[in-house]
Structure formats: C-alpha cells, structure tokens
Amino acid sequence: MKQQTFLCGLALAVFGMAGRADAQKKAAPYSAASKTVTVYLTAKNTTDRLTQQAEKLHFSSKPQPVETEVAVFVDPSKTFQTMLGIGGALTDASAETFYKLPKDKQKELLTAYYDKVAGIGYTLGRTNIQSCDFSSDSYSYVKTGDVSLKSFDISHDMKYRIPFIKEVIAAAGGKLDLFVSPWSPPGWMKTNNDVLHGGKLKPEYDQSWANFYVKFINSYQKLGIPIWGLTVQNEPMATQTWESCLYTAEDERDFIKNFLGPTLAKAGMGSKRLIAWDHNRDLMYQRASTILEDPQAAKYVWGIGYHWYETWTGAGMNFENERLVARAFPDKPLIFTEGCAERFDLNNINSWDLGEKYGWSMMNDFNAGTVGWTDWNVLLDEKGGPNHVGNFCFAPVHADTKTGQLTYTNSYYYIGHFSKYIRPGAKRIASAASRDMLLSTAYLNPDGKIAVVVMNKTDKDIEYYLWIKGKAAKTNAPAHSIATLVVE
C-alpha cells in the first residue's frame, strides 16, 4: 500500500513538473533575433501606396536606446483587446453608384475592398434601415398608420442595395459582419410627424418600432444576408435636415430595457450585438454610464458605438472619452460606427489631409480600446453623393459615373494599412513611440505575425528604431507617411 502511494505521488510529481515545464515553454519571452521585417509604405509626394519596400529589415542587439534616438517600442507580452474587423457602410448611395459602373470596374472595386490579398480585406459593414441622407429619396417600408406592420415590404432595397450587399459578401469570401442602423422611424410614428428634422418617437409606438427592427433583420436574413448586429439609433442627439430622431440617454436606456431588448430576445435574436449611442465622442461617457449602470438595460447591450464628427459641434476628437468608457465598462466593447470627410469638393479629392485624419483617428481609437472600425460610404459618385439633401461627402473611393473611372483617395490607402495587415482575431499589443512626432499601434495576428503601424504627420523624415525586447531594426518614416511593418 505504501509502495502504491509512493508511486502515485511520484507520478503526480512528474506530471506536475511536466505541466510546469510546459507552462514555462508557453511563457517563453518573445525574441526578435531571427525575425525579419517587411515594410509597406504610403507616402506623400511619392508613388508609394501600400507599396512593399524592396529591402527587409533585420534586428540586431540594442539593449538600451539613448534619449537622442527615436524609437517605437513594441512589447508582445502585453496584450489588450481583440480585433473584430474593419470595413465601411453599404448605403443606398454606394449601391446605386456601384451599378452605374461598367462590370470590370465593379469587379475592381469589390476586389480592392474585400480581397484580403489583392485588396485591403474589409470584414465589417453597416447598412441603413429605411432611408438615410445617403439615399436618393426618403422612403419607408410600411404604409402610414400601419401599427401592426402588415404592409412591411423591403422591395425598395431590391433594386440596388440588396444585390450590392450580396456581391460584397461573396467578394469577402462568404462572410461579412454586417450591422444595421435606423436613421428615423416613419414620420407618422414621431412627434413632429416628419421623417426629417429630428422629432422623437411617440410613446404609443415604442413596441411597433421595436418590432420594426425584427421585421427588417428577418427580411434581410431570408434573402441570405446575415445580420451580425444593430444600433439603436443613428446620431440620437442630432436634429438634421435629413432622416433623424432624438433620444436622450434616459430615452434610449428605457427603450432598450422595456422594448427593443426584450423584443429581440423574444424573436430569438438575443445574440445579435446591440450597440448603444452611435454618435460622437463628446457625450459618449454620459450616454454609456446612463445606459450601462442600469442592469436591466445593460444586459441587452453588447457595446458602445461612436462617430468622429466634431466640426459642427466644436467638440474636438475627444479620444480621452473613449479611454474613460473603456476603463469604466471593460466588458462592453467600443466600436467606431461612422466617419468621413464632410463637404465634398472635387478639387480636394487628392488632398493628403483626407488620409491623415483617418490614420490619426484609427491610431488613437485602437489604442483607446476600440475593437472594430467602420468607415461611412464605401463608394460615392463624382458629386459626393447621391444624397437627397445635398449633404455631399468624401468616400475612400469615388466613381465618375460619366466615364466609369474610379478615383482612390489616399484615405483608402491609410485605412488599408490597418485592415489589410491587422486581421480579425488579432490581439493589440503594447506599442509606444518615444516622440510624439510618430503615432503607432501594434497587433499580434492569429498567424503569429506582428503588424506595427507607424504614422508620421510632420514635414520632416524621421529615422527611428523598431525595438522589441532588446533587439532593434533601424528604419525611416518619410514626411507625411504611414507604414505597416510586418514582423515574422
């Protein structure tokens, strides 16, 4: 008996030692000693656009950089949020413009956005429930006064938007995380009896409007378009000349808690990611705290969505508000749901500022904890539309519907430095630049490759070291450039 006990104890000890050894093996520190770095560059006043540089970088020992040297420090052992994906909105305007293009240009656009090898590998999308400003007209899926929604009909979307989304999903390899957003309930459901110009949802239509989301999701899914998630209301604090509807934080909380959340759950859609806020960074903490501090509302909410528009409110970009929400509510992901350069001007279509705003935002958003990033329209025409209220904007790609030609603004390339090389499932890792002249973020991809994005907004070239745990590779950030450094 003693011998049996001894043998069992010995076996357990050996197993424990093996387990500890295995754990130590898994926890071995990252070494860049044998790694190489491939650099992909986009730079002003050059032809480089997501261009692979000819020479690979190699690491050598550099235990301690000195203060006169510039460095981007990367630490793969410190991990943060997981990347959900990056993409853009599939609006009526994008779809209508797409079908005005020749077939070869349609194929070019789909490849450019959704092919992860030949394009920039978008995996995330957004579309509108009923009309929005980027529709050619205002429309509804139900007849006036139809509280029971018996007349619900999405045939309007069959002409352009639904076929377009199907083509996008196919181009993305059969999978796209698509979320949907309403700009306004039907006008007769609102206090101003108008689909435009703000107004609020009348309390007697709370349940009917909640049912509306379910009708829309079911209708799209029956046509082979899976819906990953939804937002409660686009820009709920903005009275716009286009489709809009106002909710205070308390209004949105109570609508989620008493109507939308339970209705989705009852319809078997409790797994759909419900996103609150969906407006600018300025009020996002107040909105998030009001909703998420109520357990009955919070249980239905997946995360907090936000936009970047600051010019008309004077609010600024307010990245610190994102960080505060992320810290205060770490179990509720942040997702960027919309952004674009406003006030389209064809003369500025090649402006370098377009891309730099995207790079600046994306760097800060990801470093603040954001898990997904969704641009506004993926495609617009030569006027920055179509748009039924004249709210013309920039997109990363514009089509000249007269000639059939496509113009890629540099925002397309700036976005691509993230979307092409930081894939869904990647873990953000620590990245810190020793000078504020450089912005950086870094991710460890599921395939083990590290992608470090470095942006230089200044007028000067900046030499720096990519430094990982005592090993460094020297490189250069040209003036007004963005680069992705892939370590493998």
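Going by how many other beta carbons lie within 10 Å of each one, how would you line up Arg323, Arg161, Arg423, fewest first?
Arg323, Arg423, Arg161
What fraction of the DSSP beta bridges in the stretch 71-221 is antiparallel, stated in percent and rounded to the nearest 5?
10 percent
So who's got an amide H within less than 5 Å of the one on Gln405, skipping anything under 5 residues away but keeping other chains? H placed 1.01 Å off N, in plane.
Placed amide hydrogens put Asp400 under 5 Å from Gln405.
Nearest 10 degrees, 0 to 90: what angle lies between the long axis of helix 206-222 and the longest principal axis of the chain (Cα atoms)?
Between the helix axis and the principal axis of the chain, the angle is about 70 degrees.
Considering only DSSP beta bridges where both residues belong to the stretch 84-421, give the percentage that are antiparallel (nearest 5).
That works out to approximately 20 percent antiparallel.
Taking neighbour Cβ counts within 10 Å as the exposure measure, how do Ser481, Ser208 sort from fewest upward?
Ordered by Cβ neighbours within 10 Å, fewest first: Ser208, Ser481.
Would you calculate a helix-derived [θ] at 222 nm for the chain, using -39,500 (n - 2.57) for each DSSP H run of n ≥ 4 and dividing by the full residue count, to the nearest 500?
That comes out to -8500 deg cm²/dmol.
Quick one: what are the phi-derived ³J(HN,Hα) couplings along the stretch 346-354, Karplus 6.51/-1.76/1.60 with θ = phi - 60°, whole Hz, x for glycine and proline?
Per residue, the Karplus-derived 3J(HN,Hα) values read 4, 5, 9, 5, 9, 5, 5, 4, 4 Hz.
With 10 angstrom as the radius, rank Met317, Met158, Met363, Met189 by how many other C-beta atoms surround their C-beta, starting from the fewest.
Met158, Met317, Met363, Met189
Give the Cα extents of the stretch 359-444 along the principal axes, in whole Å, largest first.
Computed over the Cα atoms, the extents are 47, 24, 21 Å.
Non-local amide H neighbours of Ala89 (under 5 Å, H modeled in plane, Pro and chain starts lacking H): which ones?
Residues meeting the criterion, in which the H sits 1.01 Å from N, are Arg126, Asp375, Trp376, Asn377, Val378.
For the pair Ala265 and Val147, what calculated FRET efficiency results from E = 1/(1 + (r/R0)^6), where r is the Cβ-Cβ distance and R0 = 25 Å, to the nearest 0.05?
0.70
Only four residue types carry charge here, +1 at the Cβ of Lys and Arg and -1 at the Cβ of Asp and Glu. Report the dipole size of the stretch 185-292 about the Cα centre in Debye, rounded to the nearest 20.
440 debye
Tell me, what HN-Hα J-couplings in whole Hz come from the Karplus equation 6.51 cos²θ - 1.76 cosθ + 1.60 at θ = phi - 60° for each residue of the stretch 470-480, using x for Gly and Pro?
Values, residue by residue: x, 10, 9, 10, 8, 8, 9, 9, x, 4, 6 Hz.
Between (i) 139; (ii) 163; (iii) 188, which matches volume of the Cα convex hull per residue in Å³ calculated for the structure shown?
The value computed from this structure is option (iii).
Cβ neighbours within 10 Å, averaged per peptide: list 365-371, 143-149 in order, most packed at the top.
Averaged packing, sorted descending, gives the order 365-371, 143-149.
How long is the gain from Ala430 to Ser34 if the chain were fully straight, where each residue apart is worth 0.36 nm and the alpha carbon distance is subtracted?
Answer, rounded to one decimal: 140.5 nm.
For the stretch 110-115, just list the computed ³J(HN,Hα) in residue order, Karplus coefficients 6.51, -1.76 and 1.60, θ = phi - 60°, integers in Hz, with x standing in for Gly and Pro.
Using θ = phi - 60°, the values come out as 4, 5, 4, 8, 10, 7 Hz.
Values quoted throughout were computed directly from the atomic coordinates according to the rules given, and no laboratory measurement underlies them. In this text, all values refer to a predicted model and were calculated from it rather than measured experimentally. Ideal geometry is used to build each Cβ from the backbone, glycine not excepted, and the neighbour counts take in all protein chains shown.
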